[in-house]
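The values are calculated or read from the model by the stated rules, or taken from the named source; none is laboratory data. Note that the coordinates shown come from a computational prediction; the quantities given were computed from them, not determined experimentally. Cβ sites come from the backbone with ideal geometry, for glycine too, and all protein chains shown count toward neighbours. SASA here: full protein model, heavy atoms, side chains in, ligands and nucleic acids out. Shrake-Rupley method; radii C 1.70, N 1.55, O 1.52, S 1.80 Å.
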Amino acid sequence: MAVEPRLDAWLAVLHELDGTDILLTDGSKPLLRVNGRLTPLDEAEPLTGEEIEVIARTQIRDQYGDRLHLGKEVDFSFSWRNQARIRANAFYQRNSCSLSLRRIPMQIPTPVELGLPAALAGILRSPSGLILVTGPTGSGKSTSMASMIDVLNRNRQSHIVTIEDPIEYLHENHRSAVSQREVGTDTESFDQALKSVLREDPDVVLVGEMRDLESLAAAVTIAETGHLVITTLHTNDSAQAIDRIIDVFTAERRNQIQVQLAGTILGVLYQRLVPKIGGGLVAAYELMVGVPAVRNLIREGKTRQLRNIVATHRSDGMQTLEHALTQLIQAGIIDYETAVDASLYPQDIPRPRPGATVAPANNIGPRSPIPAPVGGW
């Protein structure tokens, strides 16, 4: 698909600056998000809502154009110059069209490149169960899930089905067969896709986002029936992800969902992208592993105690976000103030002292010289 000429030029600037997003809104110049901050593109002219709608419709396939007209918002994606995938959302505000675009590298990063916790390697070897990836919008959850799917694709002989809105990273078949279903194009809705997925002979199911009670219940049930399920939520730590699922259900169903979650949970990965010293972003990860102590607390509804388990069970591969942030401070990658801003528990981040050291987080990546454990990534 040809990219509208002005948009093509703006994407080229974004790519050169290694930025992540472009925002087009009525009366403003294009805004580029670089190092987490939005900055206007000085050489461009302010745009009108009519111009933005023309740009959006140039990139939207015919059936999506109808959805924009009728629903006043639409998610879609497209490839750019064989260098990146672009995830986009066209929407209306104050009766004028706006467009938000996210740049996604064409190459799927490896877990080592992302610095994903090493304990995830063992979790991904499980034949069935539930893996939750959580964090705020724009924290890299889709990239982490794509990297996990790529590991499975290259190491398992299985059928992997993804349900996405829209498709972001493109997966080629390696040892596995990967079927990628886009909501609005390949299926009517997440709910419809989840109802039929068990008839598609899957071994692994990725759900782009659990948005309602039906999709939450379906994902847990699919994990219960012998499949590996990877999905995402928007929460502010790993324990909150469990609460978010339980709280969606009515009081009379909560005991049942607690038992189901306790029986299926493999791990919860919480992540944040934080600004690096000198520019750029780096991921910090919290990981809760579904060990018996975690499962028992979930079953008994004592989720407030989960953070204590994460903090005290590092031997099981767990780590808090605060420990990961502390390691990044000690490595000279981020400063103390940045870490505090990213944390809900800043009191757990020690202020650095000259010559101080900290035990390494359980991460394997370019920022850490720790050797991967036997059987790791």
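Taking 0.36 nm per residue of separation and subtracting the current Cα-Cα distance, fully stretching the chain between Glu200 and Glu172 would add 8.2 nm. Full extension of the chain between His69 and Asn155 yields a length gain of 26.6 nm, computed as 0.36 nm times the residue separation minus the alpha carbon distance.
When the surface is traced with a 1.4 Å probe over the full set of protein chains, Asp247 keeps roughly 90 Å² accessible. Close amide H partners of Val133, meaning residues 5 or more places away or on another chain with modelled amide H under 5 Å apart, are Thr231, Thr232, Leu233, Leu269. Shape verdict for region 1-50, please, from the Cα gyration tensor: rounded (a/c under 1.5), prolate (a/b greater than b/c) or oblate. Oblate shape, in that a/c is at least 1.5 and b/c is the bigger or equal ratio. With both residues required to sit in the chain, DSSP beta bridges show an antiparallel share near 60%. Rounded to whole numbers, the Karplus 3J(HN,Hα) couplings from phi for region 336-341 are 4, 5, 4, 5, 4, 4 Hz, using 6.51 cos²θ - 1.76 cosθ + 1.60 with θ = phi - 60°, and x at Gly and Pro. Judged by the ratio a/c of the largest to the smallest principal axis of the C-alpha gyration tensor, region 23-114 counts as oblate, that ratio being 1.5 or greater while a/b is no larger than b/c.
A 1.4 Å probe run over the protein chains yields, for region 139-217, 41 Å² of accessible area per residue, whole-number rounding. Ligands, DNA and RNA left out, the 1.4 Å accessible surface of region 132-290 is 43% carbon and sulfur atoms.
Listed values for region 172-185 are Karplus-derived 3J(HN,Hα) couplings in whole Hz (6.51 cos²θ - 1.76 cosθ + 1.60, θ = phi - 60°), namely 8, 6, 10, 7, 9, 9, 10, 9, 9, 10, 9, 5, x, 10, and x replaces Gly and Pro. Label positions at Asn82 and Leu23, each projected 7 Å from the Cα along the C-beta direction, are separated by 3.4 nm. Taken as entire DSSP H runs, the helices of the chain that both span 15 Å or more between Cα atoms along their own long axis and average -1.0 or more on the Kyte-Doolittle scale are 5-16, 49-59, 141-155, 213-224, 238-248, 251-264. Seen from every direction in turn and averaged, the convex hull around the alpha carbons of region 133-226 projects onto 5.9 nm². Length available on full extension from Arg61 to Arg295: 0.36 nm per residue minus the Cα-Cα distance, which gives 79.7 nm. Note on Lys276: lysines with a C-alpha under 21 Å away, same-chain residues under 8 apart excluded, are Lys141.
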